[in-house]
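First the structure, in the form of structure tokens, and then the observations on it.
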């Protein structure tokens, strides 16, 4: 009988320890991570973004009657905010943080015969889903540079097809993507290692869960190239890093 009481007591202690670890773990992780925020702006007048002629595929053109889509190489919002700029930690990340792979997939959608969003960022090894909502066939063709370790592919996707499910093997900022059927379709996939963000239509971005440390932060834009700056992230704190690109 005494042995039974001892076993029951041990079990209760183990359960209490397990619950303590369960509820304390996330709080510790959240406190350890910091945040990098900022705004990316364009100084000057951006180049005119021309309307896209989709007349070669009436199915595409009909989706934009009276509201033609424009190219998105330079997208500037209110107060000069620059959209579709990839921001990532390019130097200084601990090996564990650099090699961590987010569980959630990144989606690169085809809708209205354009890529939405125009630019994505994705971690090495992170699941990529290429989807289509269009009633016409697309041919997705990423073009990684030679020698990067990434292998290009060229896949057809007809209406109603399931997502193309894939990953990238190596860091590369950035991989251009085209459609062999619709020549106006262009986009980019920036493959990075570690936390990242892409600026929104106001030019704002936020990198969550950056481990404490001193880093080189890089901002990449398809027309204006890259800029870098040094940042120091403190545990549970937010640091600001703004970028300004000069219009060409």
In what sequence, highest mean first, do 93-99, 82-88, 177-183 appear when ranked by Cβ atoms within 10 angstrom?
-> 82-88, 177-183, 93-99
For region 134-232, the Cα-Cα pair-distance distribution in 10 Å bins from 0, as whole percents, is 12, 37, 33, 15, 3
Points 7 angstrom from Cα along the Cβ direction at residue 229 and residue 99: gap in nanometres?
-> 3.2 nm
Full extension from residue 156 to residue 238: what is 0.36 nm times the residue separation minus their Cα-Cα distance, to one decimal in nm?
-> 25.2 nm
Would you calculate, for the chain, the mean residue ellipticity at 222 nm contributed by helices, counting each DSSP H stretch of 4 or more residues as -39,500 (n - 2.57) and dividing by all residues, to the nearest 500?
-> -5500 deg cm²/dmol
Please determine, in degrees from 0 to 90 and to the nearest 10, the orientation of helix 2-32 with respect to the longest principal axis defined by the Cα atoms of the chain, where the helix direction is its Cα long axis.
-> 30 degrees
Residue 164 to residue 133: extension gain in nm, 0.36 nm per residue of separation minus the Cα-Cα distance?
-> 9.9 nm
Specify the inter-centroid distance of region 225-248 and region 193-207, based on alpha-carbon positions, in whole Å.
-> 11 Å
Indicate, rounded to the nearest 5 percent, the antiparallel portion of the DSSP beta bridges found entirely in the chain.
-> 70 percent
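Pull up the DSSP beta bridges for region 52-185 and report the antiparallel fraction as a percent, rounded to 5. Could you put the intermediate results ahead of the total?
Working: 13 of 18 bridges.
Close to 70 percent.
Which value in Å is the Kirkwood Rh of region 19-165 over different Cα pairs?
Every distinct Cα pair counted, the radius reaches 19.1 Å.
Find the Cα radius of gyration of region 179-248, compare it with 2.2 N^0.38 Å by division, and give the number to two decimals. Intermediate results must be reported in sequence, preceding the final value.
Values: Rg = 15.0 Å, N = 70, 2.2 N^0.38 = 11.1 Å.
Computed over Cα atoms of region 179-248, the ratio equals 1.35.
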Report the far tail of the P(r) of the chain, meaning the percent of Cα-Cα pairs longer than 25 Å.
-> 53 percent
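Among DSSP beta bridges whose residues both lie in region 94-141, state the antiparallel percentage, nearest 5.
Details: 3 of 8 bridges.
That works out to approximately 40 percent antiparallel.
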What does the highest-first list of 128-141, 153-166 look like by mean Cβ count within 10 Å?
-> 128-141, 153-166
By average C-beta atoms within 10 angstrom, highest first, the peptides 109-122, 55-68 = 109-122, 55-68
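Each reported figure results from applying straightforward, stated rules to the coordinates on display, with no laboratory input. Note that the structure is predicted; figures quoted are calculated from it, not measured. Cβ sites come from the backbone with ideal geometry, for glycine too, and all protein chains shown count toward neighbours.
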